[in-house]
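Structure first, commentary second.
Values in this text are rule-based calculations from the coordinates and carry no lab data. Remember, predicted model here, so these are calculated numbers, not experimental data. As a convention, Cβ positions derive from the backbone with ideal geometry for all residues, glycine included, and neighbour counts pool all protein chains shown.
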Amino acid sequence: MPGTPDETAPPHTTIRVSRAVSAACVAVTLVLGVASRLDFVPHGLGQPLGVALWCTLVYWLVLVLRPGIRPRAALLTASAIGIGVELTHAEGE
C-alpha cells in the first residue's frame, strides 16, 4: 500500500567516518592538490582540479574536527566555508 512503511526495509543508517580515516584523506588530498599544480598535469586542468581538491580538503577537515557529524551536515558546512572564502576573494578583486 502506498505511503506505508515497508517492514522489510533496513533502518536508516548514516555512515560515520573515523578521525583517523578523515586525517588520512586530508593527507591524500593535500598530496593530490600539490601534484595538480605540477607540470605533468595537462595545461588548463591544474586550476579547476586544484579548486575541486581544495573543496574536498575542506570537507575532510570538517570531518577531522567533528568526526561525529553527519555527512550532509559536513557537506553543508564545507560548502558554506567555500562560499565564504569565494565571496571574500570577490571583494578583494
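Worth a mention:
- Count of residues meeting criterion [among the β-branched types (Val, Ile, Thr) and in contact (Cβ under 8 Å) with a residue 12 or more places away in the chain] in segment 41-93: 6
- Residue, surrounded by the fewest Cβ atoms within 10 Å (Cβ to Cβ), within segment 22-79, restricted to residues that are of a type in the set (Gly, Ala, Ser) and touching a Cys at 6+ places or on another chain (Cβ under 9 Å): 79
- For segment 15-30, filtered to residues that are over 13 Å from the mean Cα position of the chain (by Cα) and touching a residue at least 24 places away in the same chain (Cβ under 8 Å), the residue that is nearest to residue 62 (Cα to Cα) is 19.
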